[in-house]
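First the structure, in the form of structure tokens, and then the observations on it.
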Amino acid sequence: MIPLTLVTGGNAAAREAAIAAALDSSLHNAVILEGLPAGPAPLAAAPRLHVSRIAPGCLCCTGNLTLRVTLNRVLRTRPEHLFIAPATTGHLDALRAFLLAPPYDELLKLTQDLSL
């Protein structure tokens with residue numbers, strides 16, 4: 001199972017910086033980010049990293065199809081750790097429920113959130 005860490009709080013740049021600090025550069029990491037940071041992207045130069053960006057919108061509601069397609073594409077790269085950084089925490093429980101439902105329940109292992 002692939003460890004999955006949800007990164008919450010702060011702005012987009014702060015979430016990216018927190019992910020960059022948490023990365024294990026010896027692993028193939030993947031990140032799904034909602035939105036763009038204002039200014040430089042802290043993850044731009046990270047080694048062994050697959051970054052996917054999703055336009056802002058609720059990942060569990062309006063973005064469900066977008067999240068599902070992006071997540072399936074990322075999982076095909078077989079990351080050793082996955083980070084997902086939603087723009088807001090409004091529907092975090094629904095996002096967790098989505099990630100814990102089939103087929104992801106057998107592919108992902110949610111870790112403790114990285115909260116800013």
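The values are calculated or read from the model by the stated rules, or taken from the named source; none is laboratory data. These numbers were taken from a predicted model, which means no experiment stands behind them. Note that each Cβ is placed from the backbone with ideal geometry, even for glycine, and that neighbours are counted across all protein chains shown.
Every residue in segment 68-91 that is at pLDDT below 90 and among the hydrophobic types (A, V, I, L, M, F, W, C), please. Across segment 68-91, the qualifying residue is only A87. When segment 84-114 is filtered for residues that are among the aromatic types (F, W, Y) and in contact with a strand residue (DSSP E or B) (Cβ under 9 Å, 6 or more places away or on another chain), only Y104 remains.
Scanning segment 71-108 for residues being more than 16 Å from I54 (Cβ to Cβ), surrounded by 13 or more Cβ atoms within 10 Å (Cβ to Cβ) and of a type in the set (K, R) gives a total of 1. Close Cβ contacts (under 9 Å, 6 or more residues apart or on different chains) running from residues in segment 95-108 that are at pLDDT below 95 to residues that are surrounded by 15 or more Cβ atoms within 10 Å (Cβ to Cβ) and among the aromatic types (F, W, Y) comprise F98/Y104.
Can you tell me how many residues in segment 68-94 are in contact (Cβ under 8 Å) with a residue 40 or more places away in the chain and among the basic types (K, R)? Don't jump to the end; show me each part of the working.
Going residue by residue through segment 68-94, those that are in contact (Cβ under 8 Å) with a residue 40 or more places away in the chain are 74-75, 77-87, 89, 92.
The next check asks that each one be among the basic types (K, R); those that pass are 78.
Residues meeting the conditions: 1.
Entry remark, segment 1-41: residues being in contact with a strand residue (DSSP E or B) (Cβ under 6 Å, 6 or more places away or on another chain) and crowded, with 17+ Cβ neighbours inside 10 Å number 15 in total. Checking each residue of segment 42-51 against the condition of being more than 18 Å from P3 (Cβ to Cβ), in contact with a Ser or Thr (Cβ under 6 Å, 6 or more places away or on another chain) and either surrounded by 13 or more Cβ atoms within 10 Å (Cβ to Cβ) or of a type in the set (K, R) (or both) gives no match.
L65: among the hydrophobic types (A, V, I, L, M, F, W, C) and either touching a residue at least 12 places away in the same chain (Cβ under 8 Å) or touching a Ser or Thr at 6+ places or on another chain (Cβ under 8 Å) (or both), yes or no? Before the answer, list the steps.
Working: among the hydrophobic types (A, V, I, L, M, F, W, C): yes; either touching a residue at least 12 places away in the same chain (Cβ under 8 Å) or touching a Ser or Thr at 6+ places or on another chain (Cβ under 8 Å) (or both): no.
No, not satisfied.
Tell me which residues, restricted to segment 64-116, are of a type outside the set (K, R), assigned to a loop (DSSP other than H, G, I, E, B) and within 24 Å of A21 (Cβ to Cβ).
Applying the first criterion (of a type outside the set (K, R)) to segment 64-116 yields 64-67, 69-72, 74-75, 77, 79-95, 97-108, 110-116.
Applying the additional criterion that residues be assigned to a loop (DSSP other than H, G, I, E, B) yields 77, 79-80, 86-91, 101-103, 107, 111-113, 116.
Result: T77, P79, E80, P86, A87, T88, T89, T111, Q112, D113, L116.
Of the residues in segment 27-38, at least one is of a type outside the set (A, V, I, L, M) and more than 16 Å from L4 (Cα to Cα).
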